[in-house]
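Notes follow the structure.
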Amino acid sequence: MKIMKEIKAFIRPSKVVSIVEQLKANGFENITLSEAEGTGKFQDENAFVSQKFSVTDSKIAKLELVADDKEVDKIIEIISENGKTLNPGDGLIYVACVEKAYRVKTGKTNGNK
C-alpha cells in the first residue's frame, strides 16, 4: 500500500513561479495554489492591515500537493531552494499523512479506477 503525504507550503508570492516551474520540471504537476493573508512573528516593510481580516498583515501564497512518501524530501528541497530569500518571513512547509484519497468522479479510493 502506498503511503501518501500532503505537503502544504506557505511561501512568498514572489517565489511562486520559480517554485512551480521547478516542481513541474521534476514531475510534480498536480499543485494547488491559493492566495492567502497571514500574520506571524516577522513583519516586513510591505506589511499592511487587511481589508478582509482585522488580524492579518502579510500577503502569502499557499501551495499544496499530495505525493508518494518517497518523493517528499525532493519536494521539500525544491520548495526550500527556490523559495528562500535568506530573510525572515520566507515561509513554512508542513507535511501530513493522507489516510485515503477519493476520486470525485468514481468515489473510489487510493488510486483505484
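Data table
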quantity: FRET efficiency for ASN30 and LYS59, using Cβ-Cβ distance with R0 set to 22 Å, rounded to 0.05; calculated: 0.35
quantity: Set of aspartates and glutamates near LYS15 by C-alpha distance (under 18 Å), chain-local residues within fewer than 8 positions excluded; calculated: GLU29, GLU35, GLU37, ASP44, GLU45, GLU64, GLU77, GLU81, ASP90
quantity: Difference of contour (0.36 nm per residue) and Cα-Cα distance, GLU77 to GLU21; calculated: 18.8 nm
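Values in this text are rule-based calculations from the coordinates and carry no lab data. On a predicted model such as this, the values are computed, not experimentally measured, just so you know. Methodologically, a virtual Cβ is constructed for each residue, glycine included, from the backbone with ideal geometry; neighbour enumeration extends over all protein chains shown.
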